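Structure first, then comments.
Each value in this text was obtained by applying a stated rule to the coordinates, not by laboratory testing. Just so you know, these numbers come straight off a predicted model, no measurement behind them. Here the Cβ positions follow ideal geometry from the backbone for every residue, glycine too, while neighbour counts run over all protein chains shown.
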């Protein structure tokens with residue numbers, strides 16, 4: 001790995017406080033690979049052989065049943081997946097594929113479990129990471145079950161608006177079909193939700209979105225601090 005890539009991984013909350021020698025040991029056992037878009041990295045039901053870290057690109061986590069498929073989330077750099085399966089030495093409950101050309105660091109699961117057993121600081125970071133993920137799942141479930149489609153879309157756009165600088169415009173980071181799946185909607189329902197938001201100052205031109213008022217979006221989403229977790233505005 002390049003030194004800059006190593007430092008990117010080191011700065012993740014999961015690895016920040018672990019012993020330096022053990023961190024270097026994890027990296028020495030890891031594989032950093034480039035993948036083109038639409039490559040399936042892991043398949044639900046298969047053993048969890050590696051902890052994956054998205055260094056560059058974009059990865060979609062998804063699941064299937066019979067002939068149905070749903071998007072669970074889309075990961076951007078720098079993020080890990082799927083830690084819980086790695087720690088339990090269990091099968092994956094989700095699949096993952098690259099959405100764009102990506103660089104993925106893969107750390108063997110056995111090495112992660114060994115480092116956890118030997119490094120108390122790393123073990124504490126793992127507990128914190130899992131707790132954060134659990135709370136994120138609860139927020140997402142509440143969002144899906146307590147909000148209408150229009151409210152879910154308004155919340156998503158408000159979050160993206162903050163992430164992208166809060167300057168009255170944003171670009172959808174994923175295509176609308178994937179967005180509909182992630183929000184628990186059909187593409188037709190998503191189109192109707194966008195139409196409803198147009199009456200409230202949202203202008204749509206392909207992936208580009210113009211917003212008259214972030215406050216209006218938040219109001220339309222019925223903003224709830226126990227569901228929403230707005231990021232800090234991006235600072236250039």
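The computed Cα Rg over 2.2 N^0.38 Å for the structure shown corresponds, within [x] 1.17; [y] 1.09; [z] 1.02, to [y].
When the square roots of the Cα gyration tensor eigenvalues are ordered a ≥ b ≥ c, the ratio a/c for segment 95-148 is 1.5 or more and a/b does not exceed b/c, which makes its shape oblate. Highest mean packing first, where packing is the average number of other Cβ atoms within 10 Å per residue, the peptides 46-58, 198-210 line up as 46-58, 198-210.
To the nearest ten degrees, helix 149-163 and the longest principal axis of the Cα atoms of the chain are 60 degrees apart. Ranked by the mean number of other Cβ atoms within 10 Å of their residues, highest first, the peptides 154-166, 212-224 fall in the order 154-166, 212-224. Rounded to the nearest 10 degrees, the inclination of helix 20-29 to the longest alpha-carbon principal axis of the chain is 80 degrees. From the square roots a ≥ b ≥ c of the eigenvalues of the alpha-carbon gyration tensor of segment 1-83, which class results: rounded (a/c under 1.5), prolate (a/b over b/c), or oblate? Prolate, because a/c is 1.5 or more and a/b exceeds b/c. Assuming a ≥ b ≥ c are the square roots of the Cα gyration tensor eigenvalues, decide whether segment 138-236 counts as rounded (a/c under 1.5), prolate (otherwise, with a/b larger than b/c) or oblate. It comes out rounded by the Cα gyration axes.
Axis angle, to the nearest 10 degrees, between helix 109-118 and the longest C-alpha principal axis of the chain: 70 degrees. Computed per residue of the chain from DSSP H runs no shorter than four, each worth -39500 (n - 2.57), the mean residue ellipticity at 222 nm is -13000 deg cm²/dmol.
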